[in-house]
1. Relative contact order for the stretch A:2-107: what percent, with Cα pairs under 8 Å and sequence separation of 6 or more?
2. Which percent of Cα pairs goes in each bin when the distances of the stretch A:188-243 are cut into 5 angstrom slices starting at zero?
3. Using the alpha-carbon atoms, what tilt in degrees (0 to 90, nearest 10) does helix A:223-239 show relative to the longest principal axis of chain A?
4. Sum -39500 (n - 2.57) across every DSSP H segment of at least 4 residues in chain B, then divide by the residue count to get the 222 nm mean residue ellipticity, nearest 500.
5. Could you tell me the distance between the Cα centroids of the stretch A:21-86 and the stretch A:169-243, to the nearest Å?
6. Which loop-located trypsin sites (Lys or Arg not before Pro) does the stretch A:69-116 contain, where loop means any DSSP state but H, G, I, E or B and the Cβ has at most 15 other Cβ atoms within 10 Å?
7. How big is the A/B interface in buried accessible area, both sides summed, 1.4 Å probe, to the nearest 100 Å²?
8. Taking the 0 to 90 degree range and rounding to the nearest ten, how far is the long axis of helix A:17-26 tilted relative to the main principal axis of chain A, both from C-alpha atoms?
Amino acid sequence: MIVQIGEIPIHIRTDNPGFQEMLNKRYRNFITPSNPAAITLSVELLAEANTQDLDLAVSGNKDLWTIQRGDFFSTYNPTLRQGNVRQTANPWSIDALIRIIHSLELARNRGFLLHAASAIVNKRAFIFTGASGAGKTTISRLAPKSASLLTDEISCIRREGEVFRAWGTPFAGELATPGDNVSAPIAALYFLRHAPENRIAELSPAEALRRIMKNILFFAEDPELVQLVFSTAAEFLERTPVFRLEFKPDASIWDLIS
Amino acid sequence: MTFPLRAPNLASRVLHGEAIVMNPADSGLFSLNETATAIWLAADGQTPLRTIVESHICPDYEVAFEQALADAEELARDLAQHAILLLLPEPRPNPCP
(Lines give C-alpha, C1' and ligand atoms only; values in the text may rest on other atoms or scores of the structure.)
Protein backbone atom coordinates (compact mmCIF):
# COMPACT_ATOMS: atom_id res chain seq x y z
CA MET A 1 0.00 0.00 0.00
CA ILE A 2 1.16 3.56 -0.74
CA VAL A 3 0.41 6.33 1.74
CA GLN A 4 0.84 9.77 0.23
CA ILE A 5 0.87 12.85 2.46
CA GLY A 6 1.80 16.27 1.14
CA GLU A 7 2.74 14.69 -2.19
CA ILE A 8 5.34 12.48 -0.52
CA PRO A 9 4.41 8.84 -1.22
CA ILE A 10 5.58 6.03 1.06
CA HIS A 11 5.16 2.42 -0.04
CA ILE A 12 4.66 0.43 3.16
CA ARG A 13 5.53 -3.20 2.56
CA THR A 14 4.21 -5.85 4.90
CA ASP A 15 3.24 -9.46 4.41
CA ASN A 16 0.92 -9.47 7.41
CA PRO A 17 -2.74 -9.15 6.27
CA GLY A 18 -3.98 -8.04 9.70
CA PHE A 19 -1.39 -5.25 9.92
CA GLN A 20 -2.15 -4.22 6.34
CA GLU A 21 -5.84 -4.00 7.15
CA MET A 22 -5.12 -1.84 10.18
CA LEU A 23 -3.02 0.52 8.04
CA ASN A 24 -5.71 0.61 5.36
CA LYS A 25 -8.20 1.81 7.94
CA ARG A 26 -5.88 4.31 9.60
CA TYR A 27 -4.66 5.93 6.38
CA ARG A 28 -7.83 5.41 4.35
CA ASN A 29 -7.94 8.96 2.98
CA PHE A 30 -4.28 8.90 1.95
CA ILE A 31 -3.88 5.62 0.07
CA THR A 32 -2.98 6.06 -3.59
CA PRO A 33 -2.38 3.69 -6.51
CA SER A 34 1.11 2.56 -7.40
CA ASN A 35 3.75 5.27 -7.64
CA PRO A 36 7.25 4.35 -8.82
CA ALA A 37 8.66 7.42 -7.07
CA ALA A 38 7.47 6.24 -3.68
CA ILE A 39 9.76 5.80 -0.72
CA THR A 40 9.87 2.11 0.19
CA LEU A 41 9.45 1.20 3.83
CA SER A 42 9.67 -2.51 4.68
CA VAL A 43 8.05 -3.56 7.93
CA GLU A 44 9.34 -6.49 9.96
CA LEU A 45 6.82 -7.35 12.62
CA LEU A 46 8.08 -8.63 15.96
CA ALA A 47 6.10 -11.01 18.11
CA GLU A 48 6.99 -9.27 21.35
CA ALA A 49 7.46 -5.63 22.21
CA ASN A 50 10.81 -4.29 23.28
CA THR A 51 10.48 -3.53 26.96
CA GLN A 52 13.13 -0.81 26.93
CA ASP A 53 11.65 2.65 27.53
CA LEU A 54 13.89 4.59 25.12
CA ASP A 55 13.20 8.16 24.03
CA LEU A 56 13.09 8.94 20.34
CA ALA A 57 16.53 9.34 18.79
CA VAL A 58 17.20 10.34 15.18
CA SER A 59 20.81 10.25 14.08
CA GLY A 60 22.71 9.88 10.87
CA ASN A 61 23.63 11.79 7.76
CA LYS A 62 22.73 12.18 4.10
CA ASP A 63 23.31 8.48 3.44
CA LEU A 64 21.66 6.68 6.32
CA TRP A 65 19.42 7.70 9.18
CA THR A 66 18.86 5.60 12.26
CA ILE A 67 15.53 6.26 13.91
CA GLN A 68 14.70 4.50 17.13
CA ARG A 69 12.41 4.62 20.09
CA GLY A 70 11.57 2.03 22.72
CA ASP A 71 8.86 0.56 20.50
CA PHE A 72 10.65 0.52 17.11
CA PHE A 73 13.99 0.52 15.35
CA SER A 74 14.36 1.83 11.83
CA THR A 75 16.98 2.77 9.28
CA TYR A 76 16.29 5.04 6.32
CA ASN A 77 18.42 5.85 3.30
CA PRO A 78 17.21 9.19 1.86
CA THR A 79 19.29 8.81 -1.30
CA LEU A 80 17.88 5.41 -2.20
CA ARG A 81 14.56 6.38 -0.61
CA GLN A 82 14.45 3.05 1.16
CA GLY A 83 13.97 2.14 4.77
CA ASN A 84 12.95 -0.62 7.11
CA VAL A 85 11.43 -0.85 10.52
CA ARG A 86 11.19 -3.50 13.22
CA GLN A 87 8.16 -3.15 15.44
CA THR A 88 5.17 -5.04 16.79
CA ALA A 89 1.83 -4.94 14.96
CA ASN A 90 0.67 -1.61 16.35
CA PRO A 91 -0.28 1.61 14.54
CA TRP A 92 1.61 4.07 16.76
CA SER A 93 5.14 2.99 15.89
CA ILE A 94 4.65 3.20 12.13
CA ASP A 95 2.73 6.46 12.56
CA ALA A 96 5.64 8.05 14.44
CA LEU A 97 8.08 6.79 11.84
CA ILE A 98 6.04 8.16 8.95
CA ARG A 99 6.01 11.58 10.62
CA ILE A 100 9.76 11.50 11.03
CA ILE A 101 10.43 10.42 7.45
CA HIS A 102 8.08 13.14 6.27
CA SER A 103 9.84 15.75 8.38
CA LEU A 104 13.19 14.71 6.85
CA GLU A 105 11.83 14.68 3.30
CA LEU A 106 9.88 17.92 3.69
CA ALA A 107 12.98 19.70 4.98
CA ARG A 108 14.67 18.98 1.65
CA ASN A 109 11.58 20.06 -0.26
CA ARG A 110 10.88 23.43 1.34
CA GLY A 111 8.29 22.18 3.75
CA PHE A 112 7.73 21.18 7.34
CA LEU A 113 5.27 19.56 9.72
CA LEU A 114 3.73 21.95 12.22
CA HIS A 115 1.91 21.24 15.48
CA ALA A 116 -1.27 22.82 14.17
CA ALA A 117 -4.84 22.26 13.15
CA SER A 118 -5.78 23.37 9.67
CA ALA A 119 -8.87 23.67 7.55
CA ILE A 120 -9.86 24.87 4.10
CA VAL A 121 -12.68 27.39 3.80
CA ASN A 122 -13.55 28.95 0.45
CA LYS A 123 -10.49 27.33 -1.18
CA ARG A 124 -8.08 28.94 1.31
CA ALA A 125 -6.29 27.15 4.12
CA PHE A 126 -6.20 28.50 7.67
CA ILE A 127 -3.57 27.20 10.09
CA PHE A 128 -3.97 27.20 13.88
CA THR A 129 -0.84 26.40 15.83
CA GLY A 130 -0.31 25.95 19.52
CA ALA A 131 0.89 23.57 22.18
CA SER A 132 -1.34 20.87 23.64
CA GLY A 133 -4.39 22.49 25.21
CA ALA A 134 -4.20 25.67 23.12
CA GLY A 135 -7.43 24.80 21.30
CA LYS A 136 -6.47 23.02 18.08
CA THR A 137 -9.14 20.34 18.41
CA THR A 138 -11.70 22.82 19.73
CA ILE A 139 -11.35 25.17 16.78
CA SER A 140 -11.48 22.19 14.43
CA ARG A 141 -14.78 21.07 15.95
CA LEU A 142 -16.18 24.59 15.53
CA ALA A 143 -15.27 24.80 11.83
CA PRO A 144 -18.14 25.51 9.43
CA LYS A 145 -19.81 22.49 7.87
CA SER A 146 -18.52 23.54 4.46
CA ALA A 147 -14.90 23.41 5.66
CA SER A 148 -12.48 20.65 4.73
CA LEU A 149 -10.67 19.67 7.88
CA LEU A 150 -7.02 18.93 7.11
CA THR A 151 -6.00 17.86 10.62
CA ASP A 152 -6.61 18.77 14.24
CA GLU A 153 -3.03 18.00 15.27
CA ILE A 154 -0.21 18.09 12.69
CA SER A 155 -0.30 20.21 9.56
CA CYS A 156 1.79 19.66 6.47
CA ILE A 157 3.06 22.94 4.96
CA ARG A 158 5.03 23.07 1.77
CA ARG A 159 6.17 25.68 -0.70
CA GLU A 160 5.00 25.32 -4.27
CA GLY A 161 6.54 28.00 -6.47
CA GLU A 162 5.96 31.27 -4.66
CA VAL A 163 3.00 29.94 -2.69
CA PHE A 164 2.84 27.96 0.52
CA ARG A 165 0.11 25.33 0.62
CA ALA A 166 -1.33 23.22 3.43
CA TRP A 167 -2.08 19.54 2.89
CA GLY A 168 -4.29 17.23 4.87
CA THR A 169 -2.62 14.64 7.07
CA PRO A 170 -3.79 11.44 8.76
CA PHE A 171 -2.11 12.60 11.98
CA ALA A 172 -5.03 13.18 14.31
CA GLY A 173 -5.35 14.63 17.78
CA GLU A 174 -8.39 14.30 20.01
CA LEU A 175 -10.72 14.15 17.01
CA ALA A 176 -9.16 10.75 16.28
CA THR A 177 -10.06 10.95 12.62
CA PRO A 178 -7.78 11.43 9.61
CA GLY A 179 -7.94 14.74 7.78
CA ASP A 180 -9.24 15.27 4.26
CA ASN A 181 -6.65 14.53 1.60
CA VAL A 182 -6.82 17.92 -0.13
CA SER A 183 -4.68 21.06 -0.19
CA ALA A 184 -5.03 24.81 -0.66
CA PRO A 185 -2.91 27.96 -0.56
CA ILE A 186 -2.48 29.22 2.97
CA ALA A 187 -4.42 32.38 3.79
CA ALA A 188 -3.22 32.95 7.36
CA LEU A 189 -1.51 31.46 10.38
CA TYR A 190 -2.90 31.87 13.90
CA PHE A 191 -1.22 31.27 17.23
CA LEU A 192 -4.06 29.96 19.37
CA ARG A 193 -5.05 30.56 22.94
CA HIS A 194 -8.26 29.92 24.86
CA ALA A 195 -9.79 33.11 26.33
CA PRO A 196 -13.14 34.40 27.64
CA GLU A 197 -13.53 36.66 24.60
CA ASN A 198 -12.52 36.52 20.96
CA ARG A 199 -9.58 38.75 20.14
CA ILE A 200 -7.23 38.89 17.19
CA ALA A 201 -3.96 40.80 16.87
CA GLU A 202 -1.34 40.83 14.16
CA LEU A 203 2.09 39.41 14.98
CA SER A 204 5.35 40.63 13.50
CA PRO A 205 7.24 38.12 11.34
CA ALA A 206 10.14 38.17 13.81
CA GLU A 207 7.88 37.34 16.75
CA ALA A 208 6.12 34.72 14.64
CA LEU A 209 9.43 33.11 13.68
CA ARG A 210 10.48 32.91 17.33
CA ARG A 211 7.20 31.20 18.15
CA ILE A 212 6.79 28.91 15.18
CA MET A 213 10.20 27.27 15.58
CA LYS A 214 8.96 25.81 18.86
CA ASN A 215 5.99 24.20 17.12
CA ILE A 216 7.72 22.70 14.08
CA LEU A 217 8.21 18.95 14.27
CA PHE A 218 11.79 18.23 13.46
CA PHE A 219 13.64 15.39 15.05
CA ALA A 220 17.06 15.18 13.40
CA GLU A 221 20.02 17.17 14.66
CA ASP A 222 21.58 17.56 11.23
CA PRO A 223 22.68 21.25 11.04
CA GLU A 224 22.14 21.47 7.29
CA LEU A 225 18.56 20.24 7.52
CA VAL A 226 17.87 22.42 10.56
CA GLN A 227 19.06 25.44 8.55
CA LEU A 228 16.76 24.46 5.69
CA VAL A 229 13.76 24.19 8.00
CA PHE A 230 14.60 27.56 9.58
CA SER A 231 14.88 29.22 6.15
CA THR A 232 11.64 27.67 4.94
CA ALA A 233 9.80 28.80 8.08
CA ALA A 234 11.13 32.35 7.62
CA GLU A 235 10.07 32.40 3.96
CA PHE A 236 6.64 31.12 4.96
CA LEU A 237 6.20 33.89 7.54
CA GLU A 238 7.36 36.56 5.09
CA ARG A 239 4.53 35.55 2.77
CA THR A 240 1.79 34.79 5.26
CA PRO A 241 -0.31 37.03 7.51
CA VAL A 242 0.20 35.91 11.10
CA PHE A 243 -2.05 36.62 14.07
CA ARG A 244 -2.40 35.85 17.74
CA LEU A 245 -5.91 34.49 18.19
CA GLU A 246 -7.61 34.36 21.56
CA PHE A 247 -10.96 32.64 21.31
CA LYS A 248 -13.90 31.40 23.29
CA PRO A 249 -15.32 28.04 22.30
CA ASP A 250 -18.23 28.94 20.04
CA ALA A 251 -18.64 29.00 16.28
CA SER A 252 -18.55 32.82 16.09
CA ILE A 253 -14.78 32.61 16.02
CA TRP A 254 -14.95 31.41 12.42
CA ASP A 255 -16.71 34.63 11.38
CA LEU A 256 -13.68 36.50 12.69
CA ILE A 257 -11.29 34.23 10.82
CA SER A 258 -12.74 33.68 7.40
CA MET B 1 40.93 46.15 19.62
CA THR B 2 38.12 43.68 18.93
CA PHE B 3 37.02 42.40 15.53
CA PRO B 4 33.60 40.74 15.85
CA LEU B 5 32.73 37.94 13.46
CA ARG B 6 29.41 36.15 13.02
CA ALA B 7 29.93 32.55 14.09
CA PRO B 8 29.87 30.11 11.18
CA ASN B 9 27.13 27.55 10.53
CA LEU B 10 24.34 29.58 12.09
CA ALA B 11 20.92 30.07 10.53
CA SER B 12 19.75 33.65 10.61
CA ARG B 13 17.09 35.86 9.12
CA VAL B 14 16.43 39.58 9.38
CA LEU B 15 12.70 40.28 9.52
CA HIS B 16 11.56 43.90 9.72
CA GLY B 17 14.95 44.99 10.99
CA GLU B 18 15.26 42.34 13.70
CA ALA B 19 17.58 39.37 13.31
CA ILE B 20 16.54 35.94 14.52
CA VAL B 21 19.56 33.70 14.88
CA MET B 22 19.44 29.97 15.39
CA ASN B 23 22.26 27.66 16.33
CA PRO B 24 21.44 24.44 14.43
CA ALA B 25 23.62 22.44 16.80
CA ASP B 26 21.15 22.84 19.64
CA SER B 27 18.24 24.71 17.98
CA GLY B 28 18.85 27.62 20.36
CA LEU B 29 17.07 30.78 19.18
CA PHE B 30 18.22 34.35 19.71
CA SER B 31 16.33 37.54 18.92
CA LEU B 32 18.36 40.66 18.27
CA ASN B 33 16.91 44.16 18.52
CA GLU B 34 17.66 46.76 15.86
CA THR B 35 21.01 47.94 17.25
CA ALA B 36 22.16 44.40 17.96
CA THR B 37 21.12 43.45 14.45
CA ALA B 38 23.16 46.33 13.01
CA ILE B 39 26.24 45.11 14.87
CA TRP B 40 25.56 41.48 13.94
CA LEU B 41 25.25 42.29 10.25
CA ALA B 42 28.44 44.34 10.26
CA ALA B 43 30.43 41.69 12.15
CA ASP B 44 32.62 40.54 9.25
CA GLY B 45 35.75 39.81 11.30
CA GLN B 46 37.61 42.65 9.60
CA THR B 47 35.89 45.73 10.93
CA PRO B 48 36.77 46.79 14.50
CA LEU B 49 33.84 47.04 16.88
CA ARG B 50 34.49 50.73 17.46
CA THR B 51 34.28 51.37 13.71
CA ILE B 52 30.98 49.47 13.55
CA VAL B 53 29.66 51.66 16.35
CA GLU B 54 30.91 54.83 14.65
CA SER B 55 29.47 54.02 11.26
CA HIS B 56 26.35 51.93 12.04
CA ILE B 57 25.11 52.95 15.49
CA CYS B 58 26.00 56.59 16.20
CA PRO B 59 24.60 58.02 12.93
CA ASP B 60 21.23 56.32 13.44
CA TYR B 61 20.75 56.69 17.19
CA GLU B 62 21.18 59.78 19.31
CA VAL B 63 23.81 58.39 21.63
CA ALA B 64 27.30 59.47 22.64
CA PHE B 65 30.07 57.41 21.08
CA GLU B 66 31.61 56.27 24.39
CA GLN B 67 28.25 55.11 25.73
CA ALA B 68 27.39 53.37 22.45
CA LEU B 69 30.76 51.62 22.43
CA ALA B 70 30.37 50.45 26.03
CA ASP B 71 26.90 49.07 25.24
CA ALA B 72 28.20 47.40 22.07
CA GLU B 73 31.09 45.77 23.96
CA GLU B 74 28.69 44.38 26.54
CA LEU B 75 26.39 43.09 23.81
CA ALA B 76 29.29 41.53 21.90
CA ARG B 77 30.47 39.71 25.04
CA ASP B 78 26.94 38.44 25.62
CA LEU B 79 26.59 37.16 22.05
CA ALA B 80 30.04 35.59 22.27
CA GLN B 81 29.02 33.74 25.44
CA HIS B 82 26.15 32.23 23.46
CA ALA B 83 28.59 31.25 20.69
CA ILE B 84 26.82 33.23 18.00
CA LEU B 85 29.56 35.87 17.72
CA LEU B 86 33.33 35.42 17.73
CA LEU B 87 35.53 38.18 19.13
CA LEU B 88 38.82 38.17 17.24
CA PRO B 89 41.88 40.02 18.61
CA GLU B 90 43.08 40.62 15.05
CA PRO B 91 41.24 41.07 11.77
CA ARG B 92 40.37 37.90 9.92
CA PRO B 93 42.48 37.50 6.77
CA ASN B 94 40.60 38.69 3.73
CA PRO B 95 39.46 35.59 1.79
CA CYS B 96 39.51 37.59 -1.48
CA PRO B 97 42.82 39.54 -1.58
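1. Values: 173 pairs, mean separation 24.4, N = 106.
Reported relative contact order: 23 percent.
2. 4, 18, 26, 21, 14, 10, 5, 2, 1
3. 30
4. Helices in chain B give a 222 nm mean residue ellipticity of -9000 deg cm²/dmol.
5. 25
6. In loop regions of the stretch A:69-116 (DSSP not H, G, I, E or B), the sparsely surrounded trypsin sites (Lys or Arg not before Pro) are A:ARG108.
7. On the way: alone 12220 and 6100 Å², together 17010 Å².
About 1300 Å² of accessible surface is lost on pairing.
8. Helix A:17-26 sits at roughly 10 degrees to that axis.
The values are calculated or read from the model by the stated rules, or taken from the named source; none is laboratory data. In this text, all values refer to a predicted model and were calculated from it rather than measured experimentally. Cβ: placed from backbone, ideal geometry, glycine included. Neighbour counts: every protein chain shown. Only protein heavy atoms, including side chains, enter the accessible area calculation; ligands, DNA and RNA are left aside. Shrake-Rupley method; radii C 1.70, N 1.55, O 1.52, S 1.80 Å.
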